[in-house]
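Written out below as structure tokens is the structure these notes cover.
The values are calculated or read from the model by the stated rules, or taken from the named source; none is laboratory data. Given the structure is predicted, the values throughout are model-derived calculations rather than measurements. All Cβ positions, even for glycine, are placed from backbone atoms using ideal geometry, and neighbour counts span all protein chains on display.
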Amino acid sequence: MLRIGVVEDHESQIIGLRAILAETDDLRLVAEGPTVAEMLAGAGDLDLVVLDLRLGDGSMPEDNVARLRAAGVECLVVSAAEEPYLVQSAARAGVLGVLRKSAKVDELVEAIRCAARGLQWTTMDWAAAIDLDDEFVAVRLSPREREVLRLYAMGESAQRVASAMGLALNTVNKYVQNIRERYAEAGLNANTKVELYQRALEEGIVPYPRRFWGRRR
């Protein structure tokens, strides 16, 4: 029997998943919680965790995946969230797949069964996230550069970025210049703040406004 946990803050979703897995011969929901920490408390050994992308505690998918992997368990994302930056965050963290909550029951069961055995479950959403993230890898931004770009692209001044990150203003300016140079080497414009914002959108570093996501699909 494969032991499944779920991190989900909607009770109806947990009840539904428990009922679905109870109909199978090899899958059982044995741990649940609205956050990773609460789900892991007393969970015991798990073969897989089903993770929602958007949780009430505001946590990011890549942080949740890191906590789960540190506990020795892989995860499959099952979520209604459509924001590409959340899917990319999960993809970057190394989850075994991304599936929408609107998927048919048979597909959901097979995805969980596949991921619980350590195999990748591929969907169009997953493939699109990987494709977008390839550009991120190409420019080779460091974690610190990513954070500088995120804050700066969202409208913060260099001084406010410096204060938020505990850095000197000159250091932040150097980071921004390095980021621009890396994009230029990749053949991408990043001379203005607007262009930096566009690059950050493409990389999944900042969220797409909902009105744009509908057009991109």
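Taking segment 1-16 as the range and being of a type outside the set (Val, Ile, Thr) and part of a helix (DSSP H, G or I) as the test, the residues that pass are Glu11, Ser12, Gln13, Gly16.
When segment 19-34 is limited to residues that are within 13 Å of Leu46 (Cα to Cα) and of a type outside the set (Asp, Glu), the one that is surrounded by the fewest Cβ atoms within 10 Å (Cβ to Cβ) turns out to be Arg28.
Of the numbered conditions (1) loosely packed, with under 13 Cβ neighbours inside 10 Å; (2) farther than 20 Å from Glu203 by Cβ, Leu167 fails exactly one; give the number of that condition. All conditions are met except number (1).
Does Ala116 satisfy being at pLDDT below 85 and surrounded by 15 or more Cβ atoms within 10 Å (Cβ to Cβ)? Criteria not met by Ala116.
Evaluating Ile112 against the criteria (1) free of Cβ contacts under 8 Å to residues at least 40 places away in the same chain; (2) of a type outside the set (Lys, Arg); (3) in a helix (DSSP H, G or I) leaves one unmet condition, (1). Assess whether Leu86 counts as being in contact with a strand residue (DSSP E or B) (Cβ under 9 Å, 6 or more places away or on another chain) and either aromatic (Phe, Trp, Tyr) or within 19 Å of Ala200 (Cβ to Cβ) (or both). Criteria met by Leu86. Out of Leu86, Leu68, Leu55, one residue alone is more than 15 Å from Ala111 (Cβ to Cβ) and within 11 Å of the chain's Cα centre (by Cα). It is Leu86. Residues that are acidic (Asp, Glu), over 26 Å from the mean Cα position of the chain (by Cα) and at pLDDT below 90 within segment 158-217 comprise just one, Glu185.
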